[in-house]
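Below is one structure, written out as structure tokens; comments come after it.
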Amino acid sequence: MELSRRLSLIIQNIDECDTLVDVGTDHGYIPIKCIKDGLCKKAIASDINKDPLDKAKLNSVFEGVDEEVEFRLGGGLSTVEVSECNGIVIAGMGGNLIRDILEEDKEVVKEADYLILLPAQNPEVLREYLYTNNYEIIKEDLCLDDGIYYELFKVRSKDGETTELDSIYYEVSPTLLRERHELLKGFIESKIEKYEKIKGLITDDSESAKLRLEELNTKIDVLNNLLNYCS
Ligand SMILES: C[S@@+](CC[C@H](N)C(=O)[O-])C[C@H]1O[C@@H](n2cnc3c(N)ncnc32)[C@H](O)[C@@H]1O
């Protein structure tokens, strides 16, 4: 079973534990790999849809770990009891959906030792939520997989851990800036490119268009300044 860079990054960040749940498991590669590598004794593969769960079951039979993986059908963390899991993985969904899943089952989140979150889109929404809602940031990381940047958050619930930042720092992680992460320069450059493209699409000269252009120019200036902090 060959894992993508994105899934490998998740696996690298999983601490050994008794029970791990993978929410939105789809193919089931994360629970399967965790059992095979001895990272957890039991894994719960959870998904809101039956077809992915059937696929995960089949893959776990092929890989010879179906006895150690449990399959649960349901949304978010509703499929697990409070204190049932030490580790929680939620990956491959949008930042908004991951935030909503965490909000929906706060008691499950509070009792977990750690969560690994890797949004497929809108990581800035999730970062803002985590920074301003009592989460300790254990680690942040970044990978480039098939031309797409993905951000990883390893966190745990902790009262009193709240930091409000300027909105640009929800887009560009202060932790990764501090560490001078090796991929950060390319990541910021790709954002500048994206905003330049959006600018090119604004052709009318209405007041709202002018305002939007101004916002984009300010953002591009700030991002260019941040490049000075990258290695
Ligand atoms: C794109 S796949 C990601 C699979 C895997 N986690 C990964 O990162 O490669 C998204 C999966 O999340 C499931 N899903 C979507 N919304 C969900 C929710 N609210 N709760 C649980 N699973 C959900 C989908 O059925 C699908 O299997």
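For segment 9-60, a residue qualifies if it is under 22 Å from C143 (Cα atoms), within 12 Å of the ligand (Cβ to nearest atom), in contact (Cβ under 8 Å) with a residue 60 or more places away in the chain and in contact with a helix residue (DSSP H, G or I) (Cβ under 9 Å, 6 or more places away or on another chain), and the qualifying residues are I10, D22, V23, G24, D26, I30. Sub-6 Å Cβ pairs linking a first residue in segment 149-168 that is within 28 Å of I192 (Cα to Cα) to a second residue that is in a loop (DSSP other than H, G, I, E, B), at least 6 apart or interchain, are K154/N13, ordered by first then second residue.
Selection of segment 138-157 for residues being farther than 24 Å from E189 by Cβ, of a type outside the set (S, T, Y) and in contact with a helix residue (DSSP H, G or I) (Cβ under 9 Å, 6 or more places away or on another chain) yields V155, R156. Within segment 91-106, no residue that is on the phi < 0 side of the Ramachandran plot and among the basic types (K, R) sits with its Cβ atom under 8 Å from a residue that is near the ligand (Cβ under 9 Å from one of its atoms) and assigned to a helix (DSSP H, G or I) at 6+ positions apart or across chains.
For segment 56-95, the set of residues classified as surrounded by fewer than 17 Cβ atoms within 10 Å (Cβ to Cβ), hydrophobic (A, V, I, L, M, F, W, C) and within 23 Å of the chain's Cα centre (by Cα) consists of L73, V82, listed by residue number.
For segment 137-231, please list each of the helices (runs of 4 or more DSSP H) lying entirely inside it that holds at least 3 residues being exposed (fewer than 11 other Cβ atoms within 10 Å of the Cβ) and on the phi < 0 side of the Ramachandran plot. Spell out the reasoning first.
Working: elements: 168-171, 174-179, 184-201, 207-226.
Helices (runs of 4 or more DSSP H) meeting the threshold: 184-201, 207-226.
The listed residues are S167, S83, and the only one of them that is under 22 Å from L223 (Cα atoms), among the small types (G, A, S) and either out of contact with any Leu (no Cβ under 9 Å at 6 or more places or on another chain) or within 13 Å of the ligand (Cβ to nearest atom) (or both) turns out to be S167.
I'm told V65 meets every condition in (1) assigned to a helix (DSSP H, G or I); (2) more than 16 Å from the ligand (Cβ to nearest atom); (3) over 27 Å from Y131 (Cβ atoms) except one. Can you identify the failing condition by its number? Every condition holds for V65 apart from (1). The set of residues from segment 68-80 being within 16 Å of the ligand (Cβ to nearest atom), on the phi < 0 side of the Ramachandran plot and in a loop (DSSP other than H, G, I, E, B) comprises G75, V80.
Residues D47, D22, D54, D105: which one is acidic (D, E), modelled with pLDDT of 95 or more and touching a strand residue (DSSP E or B) at 6+ places or on another chain (Cβ under 6 Å)? Talk me through it step by step, then tell me what you get.
Working: D47 fails: touching a strand residue (DSSP E or B) at 6+ places or on another chain (Cβ under 6 Å); D54 fails: touching a strand residue (DSSP E or B) at 6+ places or on another chain (Cβ under 6 Å); D105 fails: touching a strand residue (DSSP E or B) at 6+ places or on another chain (Cβ under 6 Å).
The conditions single out D22.
The values are calculated or read from the model by the stated rules, or taken from the named source; none is laboratory data. Worth saying up front: this structure is predicted, and the values here are computed from it rather than measured. A quick note on method: Cβ atoms are made from the backbone with ideal geometry, for glycine too, and the neighbour counts reach across all protein chains shown.
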